[in-house]
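Here's the structure, in structure tokens; my notes come after.
The values are calculated or read from the model by the stated rules, or taken from the named source; none is laboratory data. Small disclaimer: the values here were computed from a predicted structure and weren't measured. Here the Cβ is made from the backbone with ideal geometry for all residues, glycine too, and neighbour counts use every protein chain on show.
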Amino acid sequence: MIRTAVLGLGSYVPDRVVTNDDLRHMDSKHVLQEEVLTETNDAWIQQRTGIRERRYVPNDGSVGTSDLALEASKRALADAGVDAKDVDCIILGTLSPDIHFPGTAVFLQDKLGIAGEGKGTSCACYDIRQQCSGFVYGLQMADAFIKAGMYKRVLLVGAETHSHSLDFSTRGRDVMVLFGDGAAAVVLGPQETDDARAGVLYTDCRADGSGAWNLYLKIFDIKKAPYLGYDTRDPEFYKDVHPQMDGKRVFLHAVRNMVVSSQQALARSGLTWDDIDWFVPHQANLRINEKVVEVAGIPPEKVLNTIQFYGNTTAATVPLTIDHWRKEGKVKKGDRVLATVFGAGFTWGSAIFQV
Ligand code: UT7
């Protein structure tokens, strides 16, 4: 039987480390200033979220989401031993696309050197917009494509540039402190095997659109003409151009759905925690993950987190966390991961797969 295998994995975060204390001194373009500009502090951020630091791209206009995606993709392709020209499908999850359209996957294709006459492969390029759930949603798509025989080398990428859309002021501190920039990618392909547990074993994706306005970034309203009709003197202007979140509601829904989704993943696939090497939850808040682990009865020694180092990189968190702990020597080739995600939409889901 044909099953989907993870052939390679790679991640990339920008060099610039931003500490919790730095966030007190950031101006609106995330340039550090001498004076304190935002009322927040390291103790609050660590206690409520577990985050110690995150990475930001330079603010000189030189790096965007497709650039982060490119670096992660090159590393994943090298890890898989796959040439970029052999990729026949790119699926890119992001909530911070380079521009409104076209999607960021085509910019990535061009930067990989596989677009255009002569050198081009004309591979399929999908952007998916499932925010923090993008990796699990993308994995389900890739798995279906590969099992159907549609594609043989799928590059699945999660990439985010959050730092340019955050509100660096006391008003925006609840959301601003959470997010970081980064990207991670996997290369997936078919594997002929009799082992029903090999490769991608389970995926399940869910959504509840009644939560859409509990976590959103509006930017424009296509119902209106002009659809970018901002009045920068309007005191509510900031709500249109920075992410808005009902943190408590999102927190509660995240815990509830991640508990149910991870428990269903095991029950439906007939596995127990003995069959799982690592639980990799989405990295939105360490307190969410600790609650999920407690309520769902997940062995704490099997849990991998990286929010301490990178904050929330939305679509990138799951592969970034796996790659981080692989580099630290914890995760090994062939280990079986249960990943559970939750994000804006609301969207959520789980996947069980071998690395
Ligand atoms: O990946 C997408 C999914 N996103 C999430 O899952 C995020 C879910 N939500 C959360 O993680 C939490 O709700 C937050 C971390 C965002 C907020 O934590 P909280 O425990 O719900 O705090 P809160 O909003 O109830 O605020 C408590 C206090 C408030 O002050 P008062 O009114 O009690 O005086 C806030 O103004 O903390 C204040 N506060 C801050 N103080 C220092 C809020 N943000 C900050 C901050 N620094 N950054």
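Provide a single number: the residues in the range 261-285 that are within 16 Å of the ligand (Cβ to nearest atom) and outside any loop (DSSP other than H, G, I, E, B). Number satisfying all stated conditions: 4. Which ones in the range 286-301 are outside any helix (DSSP H, G or I) and either within 14 Å of the ligand (Cβ to nearest atom) or under 20 Å from Val355 (Cα atoms) (or both)? Listed by number, the residues that qualify are Ile298, Pro299. In the range 151-165, the residue that is surrounded by the most Cβ atoms within 10 Å (Cβ to Cβ) out of those that are part of a loop (DSSP other than H, G, I, E, B) and in contact with a helix residue (DSSP H, G or I) (Cβ under 8 Å, 6 or more places away or on another chain) is Thr161.
Summed over the range 307-355, residues that are surrounded by fewer than 24 Cβ atoms within 10 Å (Cβ to Cβ) and among the polar types (S, T, N, Q) total 2.
Which residue, of Leu37, Leu32, is more than 19 Å from the chain's Cα centre (by Cα) and surrounded by 16 or more Cβ atoms within 10 Å (Cβ to Cβ)? None of the other options fit; the residue is Leu37.
A single entry from Ile99, Ile45 fulfils the requirement of being over 30 Å from Val255 (Cβ atoms), surrounded by fewer than 23 Cβ atoms within 10 Å (Cβ to Cβ) and at pLDDT 95 or above: Ile99.
Residues that are assigned to a helix (DSSP H, G or I), within 16 Å of the ligand (Cβ to nearest atom) and not assigned by TED's automatic domain parsing to the domain that holds Leu178 occur at least once in the range 320-338. Close Cβ contacts (under 6 Å, 6 or more residues apart or on different chains) running from residues in the range 238-261 that are under 13 Å from Arg173 (Cα atoms) to residues that are of a type in the set (Lys, Arg) are absent. Within the span defined as the range 73-95, one or more residues are touching an Asp or Glu at 6+ places or on another chain (Cβ under 6 Å), among the hydrophobic types (A, V, I, L, M, F, W, C) and either buried (at least 22 other Cβ atoms within 10 Å of the Cβ) or more than 18 Å from Thr121 (Cα to Cα) (or both). Counted as qualifying within the range 1-113 are the helices (runs of 4 or more DSSP H) with 3 or more residues that are within 16 Å of the ligand (Cβ to nearest atom), namely 42-49. So, in the range 273-289, how many residues would count as being surrounded by fewer than 22 Cβ atoms within 10 Å (Cβ to Cβ) and aliphatic (A, V, I, L, M)? Count: 2. Checking each residue in the range 3-29 for being modelled with pLDDT under 95 and in contact with an Asp or Glu (Cβ under 9 Å, 6 or more places away or on another chain) picks out only Ser28.
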